[in-house]
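Worksheet: one structure, shown below.
The values are calculated or read from the model by the stated rules, or taken from the named source; none is laboratory data. These numbers come from a predicted model, not from an experiment. Because the Cβ atoms are built from the backbone with ideal geometry, glycine has one as well, and the counts that use them run over all protein chains shown. What goes into the accessible areas is simple: the full protein's heavy atoms, side chains included, and nothing from ligands, DNA or RNA. Shrake-Rupley method; radii C 1.70, N 1.55, O 1.52, S 1.80 Å.
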Amino acid sequence: MNYTKCWLAYPRIQTMGGAPLRVRCDFTGPVAGRIMEELRLAMRALYDKAVEPAKGEAEITVTRNAALHEEGYCLHVSGGRAQITAGGESGALYGVFALLRRAQMAGCAWDELEGEESTAPSNPLRMLNHWDNMEGDIERGYSGQSFFFHDNEVLVNERTVDYARLVASVGINGVVLNNVNVKGAATWLISPRYYAPLRQIQEILASYGIRMFLCINFAAPMELGGLDSADPCDERVAQWWREKAREVWENLPGLGGFVVKADSEGRPGPFTYGRTHSDGANMLADAVAPYGGVVIWRCFVYNCQQDWRDTKTDRARSGYDNFMPLDGSFRDNVILQIKNGPMDFQVREPVSPLFGGLKHTNMMLEVQIAQEYTGQQRHVCYLIPWFREVLDQDMYCCDGPSTVADLVSGRSYGNTLCGMAAVANTGDDPNWTGHDLAAANLYGFGRLSYQTSLTGEEIAREWARLTFGQDAEVESVMREILMASWPAYESYNAPLGIGWMCSPNHHYGPNVDGYEYDRWGTYHRADCKGLGVDRTSAGTGYCQQYNSPLAETYENLETCPDELVLFFHHLPYTYVLKSGKTVIQHIYDTHFHGAEEAARFYDLVESIKDRLEPETYRRLHERLAHQKAHACEWRDVINTYFYRKSGIPDAQGRKIYP
Ligand code: GCV
């Protein structure tokens with residue numbers, strides 16, 4: 001095995017030895033087998049204790065309680081005995097991982113471990129979306145190559161099992177194997193060529209309570225089936241999909257369903273035939289319904305051919321403009337998957353107004369832990385506090401609970417097909433995520449989607465303890481860096497919510513005008529007087545896509561929060577923010593501060609150098625040294641640009657390159 005175990009390393013708590021722990025597990029089936037395996041491995045590693053199965057008297061019991069949620073559990077541990085009761089196999093597995101987490105958080109002898117918890121998942125669906133290509137590369141992948149695909153073949157090996165363990169341990173119950181941009185061999189994933197290895201992966205995932213999903217090519221009837229059309233209203237096309245679905249589910253029983261990126265960034269879709277997104281999604285939904293399949297339809301649909309001189313077309317509006325008119329027209333087994341913001345995973349964006357708009361449609365929140373725009377896993381940027389802010393945003397859309405967390409969990413409107421998905425950040429690198437600290441985003445997304453009431457700080461603490469063991473100083477340094485990392489990244493990135501000041505295509509490094517005169521609809525509109533996009537009623541009107549009072553909050557400069565003010569308003573450099581600083585001084589100050597923070601992260605890791613495994617230290621040192629230098633580049637490029645544009649010097653007289 002040439003890779004780390006991340007948070008499943010089970011570093012030793014105490015050597016106890018003694019008689020084996022007896023485990024009585026009343027569940028049978030593949031997941032029950034995994035439960036015994038995990039307890040065996042963990043107890044040996046944590047306490048040097050053996051574990052043996054028992055029929056009667058036992059120190060650890062795992063039993064069914066039909067009154068509990070299928071994926072929920074109750075855990076009671078005291079005096080060397082642990083009882084886990086669960087509604088179903090997955091709940092039992094989660095209860096076992098909760099016991100092991102609790103043991104590591106307490107750090108005491110097994111006999112002294114005390115506590116109880118009772119929980120059910122906040123979200124029905126908790127998914128990872130891999131953007132892995134069949135050739136082996138990963139779109140927006142920053143941790144090596146795919147461990148699912150290589151050279152147009154499907155890979156199944158020990159790593160598949162360890163991947164399933166890792167993500168199941170934090171509550172993930174759905175995995176999409178392939179990229180949403182389905183091209184080349186990936187179109188053939190739903191054909192006899194690939195069913196056998198896919199079924200092997202599916203069975204491994206299922207043994208950890210995870211459903212497999214596949215992305216499909218909307219034009220598959222043409223590219224795979226030889227038809228001359230993919231028109232969703234053409235009966236030949238619908239028939240082709242019905243037959244295809246039968247074949248797919250015969251070979252992959254228990255498949256969760258299909259994920260579709262249609263009419264987006266050049267991918268085929270119903271627009272080609274003058275049809276709507278509900279025509280497209282419903283045709284597929286009808287085909288997969290007999291097998292309990294679901295269609296997850298992405299709302300990332302916008303015009304990527306904009307002219308920069310056109311100040312009325314606004315990419316931010318597009319999700320709402322395209323999908324709101326279709327509310328209520330989708331089948332019950334269709335879920336619309338909506339990115340957290342209206343643009344594309346920038347370091348800061350307002351929440352997509354679609355969450356507050358759709359009332360009769362299943363919705364899922366899509367976030368990105370692959371750090372495409374947030375440092376590409378070379379910079380540390382712990383995104384869980386950001387996701388918590390997104391979840392906590394009230395959308396003011398109904399009388400009952402109406403935050404994003406309420407909406408996507410089904411609490412607002414009673415949906416059962418809904419939840420959260422993250423674009424995954426894994427690859428075949430030895431540490432899975434490129435940057436060792438990026439693993440906190442993978443861990444954190446799972447934990448947060450299972451229990452949205454957890455805070456970023458709680459999750460960071462857990463991750464650090466589980467990953468690095470009982471060293472309090474290491475835990476505190478890791479937590480400190482993680483919690484400061486997103487604010488730091490935001491400080492030296494594009495200011496005040498405007499976004500997009502990165503290099504085009506690969507999206508790494510500062511380039512203020514990189515996208516400014518391009519076709520992608522991502523503008524900051526800076527000139528010698530000011531910057532920002534006017535999205536008020538006088539501008540693009542985007543503000544009005546929100547419900548009251550959010551619409552007025554953003555529309556009105558007096559109430560619009562500083563951190564988003566340039567997303568909603570075009571302002572002079574001399575405008576005084578709520579912080580008391582002018583826009584230009586805010587830009588200078590935050591960029592100096594952000595670079596200092598990056599240097600502090602580097603120093604913090606140096607301070608615990610001797611407490612880390614040499615290889616872990618080496619990797620961290622290399623990444624943090626790069627971040628420290630690169631944050632200075634961000635600072636200098638952005639500050640210089642705005643100094644030149646505005647002609648206004650830094651009030652503190654610091655060196656800004658001419
Ligand atoms: C998978 C952005 C990314 C693309 C990605 C797309 C999407 O545009 O840069 O790589 O495509 O989002 O979410 O579909």
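Using a probe of 1.4 Å, the accessible surface attributed to V156 totals some 50 Å² when neighbouring protein chains are kept in position.
When +1 charges are put on Lys and Arg Cβ atoms and -1 charges on Asp and Glu Cβ atoms, the dipole computed for segment 97-154 relative to its Cα centre reaches about 220 debye. Shape class for segment 1-132, computed from the alpha carbon gyration tensor (a ≥ b ≥ c): oblate, with a/c not under 1.5 and a/b at or below b/c. Placing unit charges on the Cβ atoms of the charged side chains and taking the dipole of the chain about its Cα centre, the candidate lying farthest along the positive direction among P430, G136, S329 is P430.
Full extension of the segment from E480 to T455, taken as 0.36 nm per residue of separation minus the current Cα-Cα distance, would add 7.6 nm. FRET efficiency for the pair E158 and W308, taken as 1/(1 + (r/R0)^6) with r the Cβ-Cβ distance and R0 = 45 Å, rounds to 0.35.
In this structure, the pairs whose alpha-carbon distance is over 26 Å, taken from K339/K578; K529/K578; K244/K339; K49/K609; K183/K339; K529/K581, are K339/K578; K244/K339; K49/K609. Here's the picture: charge each Lys and Arg Cβ at +1 and each Asp and Glu Cβ at -1 in segment 438-574, and of T553, T452, H506 the one pushed furthest to the positive end of that dipole is H506.
Using the Cβ of M36 as centre and a radius below 15 Å, the other residues enclosed give a net charge of +2, where K and R count +1 and D and E count -1. Only protein heavy atoms count here; on that basis, with a 1.4 Å probe, E243 has an accessible area of about 90 Å². The value of relative contact order for the chain, using C-alpha pairs under 8 Å at least six residues apart, is 12 percent. The length gained on full extension between A538 and E247, counted as 0.36 nm times the residue separation minus their Cα-Cα distance, comes to 99.4 nm.
A cut-off under 11 angstrom between Cβ atoms defines the neighbours of D307, and their net charge, with Lys, Arg +1 and Asp, Glu -1, is +1. Compared with the direct C-alpha span, the chain from D610 to E37 gains 203.0 nm at full extension, assuming 0.36 nm per residue. What is the percent carbon and sulfur in the accessible area of segment 446-524, measuring with a 1.4 Å probe over the protein chains and ignoring ligands? Ligands and nucleic acids excluded, carbon and sulfur reach 45 percent.
Rounded to the nearest 20, the Cβ-based charge dipole of the chain about its Cα centre (Lys and Arg +1, Asp and Glu -1) stands at 260 debye. Using R0 = 51 Å, the C-beta based FRET efficiency linking H150 and S548 works out to 0.45. Expressed to the nearest 5 percent, the antiparallel share of DSSP beta bridges inside the chain is 30 percent.
When ligands, DNA and RNA are left out and all protein chains stay put, how many square angstrom of accessible area per residue does segment 1-136 have with a 1.4 Å probe?
About 40 Å² of surface per residue is accessible.
When the residues D111, D518 are ordered by accessible surface, computed with a 1.4 Å probe over the protein chains alone, the sequence from largest down reads D111, D518.
Within the chain, the proportion of C-alpha pairs whose separation exceeds 35 Å stands at 43%. Comparing Cα centroids, segment 546-561 and segment 562-592 end up 17 angstrom apart.
I204 sits with roughly 30 Å² accessible to a 1.4 Å probe, with DNA, RNA and ligands left out of the calculation.
Under conditions of 10 °C and 1.306 mPa s, segment 39-78 yields 129 µm² s⁻¹ as its translational diffusion coefficient, taking Rh as the Kirkwood radius over Cα pairs in the Stokes-Einstein equation. Compactness ratio for segment 1-44: Cα radius of gyration over 2.2 N^0.38 Å (N = residue count) comes to 1.39. Placing a label point 7 Å from the Cα of T28 along the Cα-to-Cβ direction, the residues of segment 37-54 whose backbone N falls under 16 Å from that point are 54. The modelled label-to-label distance for the pair D137/M324, using points 7 Å beyond Cα in the direction of Cβ, is 3.8 nm.
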